[in-house]
Each structure stands twice: as C-alpha cells, then as structure tokens.
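All remarks here apply to the structure that follows.
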Protein chains: 2
Amino acid sequence: MNETGRPQELPMSNPRADRVRDVAKLAGRPARLKRGRFLAEGPQAVREALVLHRERTRAGEPGVVHEVYASESCLDRLPELAELADGVTLRLANDEVLAAMADTVNPQGIVAVCSFVDVSLDSVLDAGPRLIAVMCQVRDPGNAGTVLRAADAAGADAVVLTASSVDIYNPKAVRSTAGSLFHLPVVLGADIEELVELCKDRGMGILAADGYGTLNLDKLQDENAARRMGASAARSDYALEGPTAWLFGNEAQGLSESELALADHRVAVPVYGSAESLNLGTAATVCLYASARSQQAS
Amino acid sequence: MNETGRPQELPMSNPRADRVRDVAKLAGRPARLKRGRFLAEGPQAVREALVLHRERTRAGEPGVVHEVYASESCLDRLPELAELADGVTLRLANDEVLAAMADTVNPQGIVAVCSFVDVSLDSVLDAGPRLIAVMCQVRDPGNAGTVLRAADAAGADAVVLTASSVDIYNPKAVRSTAGSLFHLPVVLGADIEELVELCKDRGMGILAADGYGTLNLDKLQDENAARRMGASAARSDYALEGPTAWLFGNEAQGLSESELALADHRVAVPVYGSAESLNLGTAATVCLYASARSQQAS
C-alpha cells in the first residue's frame, strides 16, 4: 500500500483465475450460503458497505467487507473509495476480471466481497423499533430491493423477510437496494407468526397492506393530521403515529389469508384512478411514508 | 365463431409461420414504428386493451385491438376474454406459437396486436387536466411503466413522455404498466419547453421532483391539510390542491438544469432515513399521491 491506500502490485488480469471464479460463484445461492458472503457491485454499494465496515470495526464489532477489487480508472475517478477501504484488502483488477467476477455486465469498475449483514429478530426488537417493514414471501429480487430502499428512505428501523422469501443477497436484490442494504437492520427467514406475536408483545400495531382492506390509508392520515392540529377529537380506528409493523405480501397473490388474519387491521392504499392495483414497491412506499410522516410530525 | 365467441378453426401450430414472425417483430421498435402497432401480453393487459377497444368503437372512434391470439386453455380459464373480444379477430394458437410471438417466455396464453394508443398534447390540455405526470428522458422501460401505473393509481389525467424518452410500446414497458397504458391518455415525444408553456398558459403549476429541491413535499401536504381543516391561514409556497404538472427526471441523472429551470418550484421528497435518494418509481409515487390526496380532499 502506498500513502493513498492504493495497492501497488500489478492488476489482476486473468479472468479464469481461481480467485476470480470464487468471487463469481457468489452470484449463486449455494456458494453464498456455504461461505456466508455475498457480492456488492458498483461504487455506490461498495461505498455504503465500506462505511458500515468502518462503523462496525471502530465499535469493536466484526467487519463487513472482506476484499475489494477495483480497476485503476475507478480509483482514479473515485479516490475516496481507496481511502474508505483503509484496513481492507484492496486488489487492482482489469475490466475483464471485474466483468467475470460480477453479475452485471458492467460493474462500474469495483466489487466487494461482503459478510452477510443480517441480524437477529431479537436485536431488532430490543432496540424498540417504531416502524418495521415485513415482506411476506416476496419472490422477485428487484421488488425486495425496492421495498428495502423505500423502507430506508422512510426511516424504517428494520426490514424483515419471512421464510420462503427471495434471498436478499441475490445480486439483483443487492443492486436494487442501491446501498440501503447496508443502512438499516435486516432480518431474514423470520417465522411470520412468531414475528407478529413478538411485535404485539412490545406494543406494536400490525397493519396488513391489502387492496381489499377495510381501513383506508387516507382516512388514517387525515385523522393523524387532525390530531396534530388539534382540529378534531374524532375516534380513530388506528393511530398511525404509533409503533407499527407493516406486512407486505407476495407480488402476485398479495398476503395469504393466514397472514392477513395475523394483522390488527387490513389497510387499503387508495386507488384514485382506474389502476387495478399498485405494484408492491409503490404500495409499500405509500404505506411506509404515511407512517413515517405521522410519526415524524407527532 | 360459435355462440361463445370462441373461434372454431384448428389452433395455429407453426411457430415459424409468417404471421407468427410478423407478430414477434413487434418486440422491435422499427417494426412498431412502421406498422403503428405494438403487442400486449398476458390476460391483464389484453383485457384492458379489449375494454378500451369496446369503449372506443361504441363511441364511433377507431378501435385499439387488431388481433388476439390465445390458447384454448387460456380461454377455458378466462371465458370473459373471448366475450370481450367480440368483433375482434380472435385466433387460437398453441403454446409454442404464443411463446414465439411474445417477448416474455410465458405470455400466459394470450397476446393482442394493438394500435398505438397515444394521443396529442392538445387533446389532453383541452380536457382541462388537474394532474399530469411528465417523464423527462426516462430511459428504462420498467421505470417508465411503473411511473405510468402509479400515475393511473393516483388518478392522474395524463402521462407525458418527452422526446428521447424510452418507447412506452417496448414490451417490457407495456408489461410494467400492468394494463394502465390503456387507462389514461399518454402523450409521446413532447417538447418539454412547449409542454411547460402550454400548461402554464392554462393555469397549471409546474413542480419538479428534485432531491435537492428547496420546497419540502411534507410541508406542502401539511399546509394543504391545515387549509382543509381551517386550522391555519399560513401563507403557502404552493397550493398542492391546484392543477399541477409534475416533472420527473432521468433515473440516473435526475432532471437537467434546463428542465429544472422550467419549473415553478423544485420539490424534494423527504428522506427520513439514510437512503441517498429514492428510485424514480418511488419518488413519483410519493409526489403524485401527495397531489392526488390534496386534490381529492379539497
């Protein structure tokens, strides 16, 4: 390493080298499960991974990033990445090697091998969360990533994926999170019944996003606004400013009857036009933002 | 045709037939532009196309659907589709033929060849719109379709794509709209300067969705709620209940400086967590729903 944190050896140039194949195998679930590692691709994801790595190691916790592979031109363009990678193995590689490692055709010159970042449900609940997004049997990696990113933007305290959901470490899911995977606690493989019970024990309300729901999200938002402004003492069906876990269902079938039965209320996102329904990412965004606004303002 | 509207000839079975190739070519832009037609795939899109076709032909206007190709099992499963197709050429085809025609691996047993459905900017503006979603140089077909679907759900009066945006008739874009392409007027290839001028002439406000915007969407919503409840006479920077055209930028770069300069205000969607930004579909959803709620309630 020189003083800029830039490695000095020659760039890796053999796309068929064992080390390259080992990294590429992380595109598949068996290799990820076996090694407990996954791949972050592109400057944004790698930056966020390195920031979390630094936070954790400074706090004396295990790190997140094992190795970073980058092209010289990428480090020239984004020198802060080499600085952030201080203390992490950083190897130079040419574009052909990076393309062979990555799931995308164009990894934008940088990839990082990361440890799984998911945490236990207990650790999430012990922190006293106010807003949790729960994905129930969501199957599409892009959808899962989009919901996770929306949850991050809405300031959710955690995201939970139930058992038989898509693997959030799937490269497409990781890409769709746009770095948010490294921003907030994620719990994987949760049992939905256990999760709901534990949330209820801690005083959280459980809302199911359901196109056929009887509670209207607009009404809940209006009631919240009225309370904030002292304009009304109307009895509310549900106080949106309270701690809430939202359940979001599978993109094709929505929540199952047994999942719906676990919720305190089934809440419909209003459809003002003639769309038959909202896609999962859109519906989750509207619900999480409604909670976030109510919680922030109250 | 028999009395159920079901064709009686043998199903098409040669995936290399000229007619099959002609339909398949609609996956490409040159064939679409040359023939002014595109492909709707799957029961949901075909149903919505047929509903619009029936509305238009009953009103004495040109229809939308030229031909429908379906498998026998699809029509058995969804007999209402054959009824809806009354007056439209409906041909039976086996799964191999349908797969060869469609862009998706699995078109779920039905595809329709449709005429372009876009309308002129004048016809949209003459109808006195209250809410328009404008996509400026949006390039990804899935994003464009998602924004169109969100605009439909929010009850927008029209969607506009500016010149050098993605082709909304791209099969992936059509799929992402989930039928909403047939629900509300869509204008293509608009000149952004002309569009903004015409909207302003008609008294519409122009809001640019911009992560660096100085107006906060939450504040605008709160001011709207306060006015509705008579709780405040606070001066508002912008009345969200007024007729509005929202400008949404390219997914990678956002709106350009020249596009931003055309807007009355640059509005930021609040990010409560540590996400760097929202993806296009998420941001558009939050903005359009904020306007829709304000307009509906006022």
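The values are calculated or read from the model by the stated rules, or taken from the named source; none is laboratory data. Just so it is clear, the structure is predicted and the values come from calculations on it, not from any experiment. All Cβ positions, even for glycine, are placed from backbone atoms using ideal geometry, and neighbour counts span all protein chains on display. Note: accessible area is taken over every heavy atom of the protein model, side chains too, but ligands, DNA and RNA are not part of it. Shrake-Rupley method; radii C 1.70, N 1.55, O 1.52, S 1.80 Å.
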Legend entry - Test item: A:177-183 mean partner chain Cβ contacts at 10 Å: 3
Inset, instruction - Might you report the magnitude of the Cβ-based charge dipole of chain A about its Cα centre, with Lys and Arg at +1 and Asp and Glu at -1, to the nearest 20 debye? - result: 300
Legend entry - Relative contact order (percent, whole number), chain B, Cα cutoff 8 Å, 6+ residue spacing: 18
Inset, instruction - Per DSSP H run of at least 4 residues, take -39500 (n - 2.57); add these up for the protein assembly as shown, divide by its residues and hand me the 222 nm value, nearest 500 deg cm²/dmol. - result: -11500 deg cm²/dmol
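Scan chain B and note any complete DSSP helix (H) whose C-alpha atoms cover at least 20 Å along its axis and whose Kyte-Doolittle average is -0.5 or more.
B:280-297
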Inset, instruction - Determine, for each peptide in A:142-148, B:52-58, the mean count of other beta carbons within 10 angstrom over its residues, then list the peptides with the highest first. - result: A:142-148, B:52-58
Inset, instruction - Find the relative contact order for region B:18-115 and round it to a whole percent, using C-alpha pairs within less than 8 Å whose residues are 6+ positions apart. - result: 41
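What average number of partner chain Cβ atoms lie no more than 10 Å from the Cβ of the residues making up A:218-230?
Neighbouring Cβ atoms belonging to other protein chains average 3 per residue here.
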Legend entry - Protein heavy-atom accessible area occluded, A/B pair - total, 1.4 Å probe, Å²: 3000
Legend entry - Rounded, prolate or oblate (a/c below 1.5 giving rounded, otherwise prolate when a/b exceeds b/c) for region B:1-120 by Cα gyration tensor: oblate
Legend entry - Inter-site label distance for A:Arg91 and B:Ser73 at 7 Å from Cα along Cβ, in nm: 4.8
Legend entry - For chain B: rounded, prolate or oblate by the Cα gyration tensor [a/c cutoff 1.5]: prolate
Legend entry - Computed magnitude of the charge dipole of region A:121-297 (debye, nearest 20; Cβ of K, R +1, Cβ of D, E -1): 620
Inset, instruction - Mind giving me the nanometre distance, one decimal, between the label points for B:Ala297 and A:Arg139, set 7 Å out from Cα along Cα→Cβ? - result: 3.7
Legend entry - Given charges at beta-carbon only (K, R positive; D, E negative), |dipole| of the protein assembly as shown in Debye: 420
Inset, instruction - Under 28 Å Cα to Cα from A:Lys172, which lysines show up? Leave out anything in the same chain fewer than 8 places away. - result: A:Lys25, A:Lys34, B:Lys172
Inset, instruction - List the distances, in nm and shortest first, from the label point of B:Ala252 to the matching label points in every other copy, placing each point 7 Å from Cα along the Cα-to-Cβ direction. - result: 3.3
Legend entry - GNM top mover of B:Asp140, B:Asp167, B:Asp22 - chain B, alpha-carbon springs below 10 Å: B:Asp22
Inset, instruction - Find the eigenvalues of the gyration tensor of the Cα atoms of region A:121-297, then list the square roots of 5 times those eigenvalues as equivalent ellipsoid semi-axes, largest first, in whole angstrom. - result: 24, 18, 16
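Peptide B:152-165: average number of partner chain Cβ atoms within 10 Å per residue?
Mean partner shielding for this stretch: 3.
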Inset, instruction - Jot down the per residue volume, in cubic angstrom and as a whole number, of the convex hull over the alpha-carbon atoms of the protein assembly as shown. - result: 181
Inset, instruction - Measure of size requested: the Rg and Dmax of region A:100-191, with Cα atoms as the atom set and Å as the unit; please supply both. - result: 13.2, 43
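Calculate the FRET efficiency for B:Leu33 and B:Glu9 from the Cβ-Cβ distance with a Förster distance of 30 Å, rounded to the nearest 0.05.
Values: r = 32 Å, r/R0 = 1.05.
With a Förster radius of 30 Å, E is 0.45.
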Inset, instruction - Counting only heavy atoms of the protein chains, get the accessible area per residue of region A:18-115 (1.4 Å probe) and round it to a whole Å² value. - result: 47
Legend entry - Extension reserve of the B:Glu194-B:Val119 stretch, reckoned as 0.36 nm per residue once the Cα distance is removed: 25.4 nm
Legend entry - Surface accessible to a 1.4 Å probe, per residue, for the residues of region A:228-298, Å²: 39
Inset, instruction - Have a look at the DSSP beta bridges in chain A and tell me what percent are antiparallel, nearest 5. - result: 30
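Out of the total accessible area of region B:240-290 (probe 1.4 Å, heavy atoms of protein only), what percent is carbon and sulfur?
Carbon plus sulfur share of accessible area: 51 percent.
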